[in-house]
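Worksheet: the structure to be examined is printed underneath.
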Amino acid sequence: MQPQPTKTSATTMTTNQDNHVSFTARHTATLIQEPHVLLTSLEHLLKHYQAHFTGRAMPIDIDIFRFNLLQLFRITDHIMMELLPVLTFSTQVAKGQPQYGSWHIIQECASLFRHLDPFCQLLISTTVRLLERLDSTCHIYASPSPHTWQLTATNPAITESLQQPFTTLTSAKQEDSQEIMPLLTTRLAQWSGKNNARPSFRDLFPSFLSAIPTLLLIDPALESYLENTHAIFSAIMHDTQPPPANNDEIIAIQLLDITQKIDQIMISLDIINDTLHSLGQSLLTAS
């Protein structure tokens, strides 16, 4: 006897379809929200700079410093996690033949990398101003001399204003670091993994090598760009405890290191931008 179809079978099928749709929707929502979660986590880690410079630097300089670091992370994340993998796929599907899809992605990558240049310039100039403020205010906020401690001890309001941000931040970091650190650590590793897994530009666009010699240079430039960007955020991420309120030396070293790495990033950006511009023009002409 053949089993007769039942409503239960139809219901089960519908349920399975609904479960699949539900899983897909949840997965899509996670992908959409993930960059926002990562940026929020990074912004939380940057608060110790804000705490250290409260009352010592112009608030707008602190905001610019944090904003440009966040933009560097956001743009790098979008390029490494979305655009370069899609470029690889579209170029391989086309089997080396120029295609509008490849040109469009190259244009988007080029646009984002061009936007990074002013962000980096502004980040360097702002960091220099913050370093100057450290130097000009260290005798008030960071001097370990008995005279300074006497001043703060006789003025409880000053003592409280200096210590409160660090006390609050330390407590917050202790509570949240276990959730934040794995997110950002995983993402930085994913950047490197995506970059190592993709074919080189010379392999993706071999027919343009003679016209664009810098195709041989863009992959080392991207590697250097990613290495320095990775180093900046790794240092920020692993500095889970804010420095003492009177320790300007630690902050100064961190800021100088960021400035040096941004300088190296800008050197890489010159090569990347020139190559992507020439590649975009060649793809458009060949299409």
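Here are a few things to note about the model shown:
- In summary, residue 37 fulfils each of the numbered conditions (1) under 26 Å from residue 225 (Cβ atoms); (2) buried (at least 16 other Cβ atoms within 10 Å of the Cβ); (3) of a type outside the set (S, T, N, Q); (4) modelled with pLDDT of 75 or more with the single exception of condition (2).
This table checks each residue for (1) β-branched (Val, Ile, Thr); (2) over 24 Å from residue 41 (Cα atoms); (3) modelled with pLDDT of 90 or more.
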residue	(1), (2), (3)
69	no, no, yes
75	yes, no, yes
78	no, no, yes
81	no, no, yes
94	no, yes, no
98	no, yes, no
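- Test: residue 54 is modelled with pLDDT under 50 and either out of contact with any strand residue (DSSP E or B) (no Cβ under 7 Å at 6 or more places or on another chain) or basic (Lys, Arg) (or both): no
- Top-ranked residue of region 43-73 - restricted to ones that are assigned to a loop (DSSP other than H, G, I, E, B) and touching a Lys or Arg at 6+ places or on another chain (Cβ under 6 Å), ranked as farthest from residue 113 (Cα to Cα): 56
- Within region 175-203, the set of residues being assigned to a helix (DSSP H, G or I), surrounded by 17 or more Cβ atoms within 10 Å (Cβ to Cβ) and at pLDDT 90 or above comprises 187, 188, 191, 194, 195, 201.
- Pick from region 204-220, criterion of a type in the set (A, V, I, L, M, F, W, C), under 26 Å from the mean Cα position of the chain (by Cα) and over 20 Å from residue 86 (Cβ atoms), ranking: surrounded by the most Cβ atoms within 10 Å (Cβ to Cβ): 217
- Residue match in region 45-64 (condition: within 14 Å of the chain's Cα centre (by Cα) and more than 23 Å from residue 195 (Cα to Cα)): yes
- Identity of the residue in region 181-198, free of Cβ contacts under 8 Å to residues at least 12 places away in the same chain and of a type in the set (A, V, I, L, M), that ends up farthest from residue 219 (Cα to Cα): 189
The values are calculated or read from the model by the stated rules, or taken from the named source; none is laboratory data. If you're wondering where the values come from, they're calculated on a predicted model, not measured in any experiment. A quick note on method: Cβ atoms are made from the backbone with ideal geometry, for glycine too, and the neighbour counts reach across all protein chains shown.
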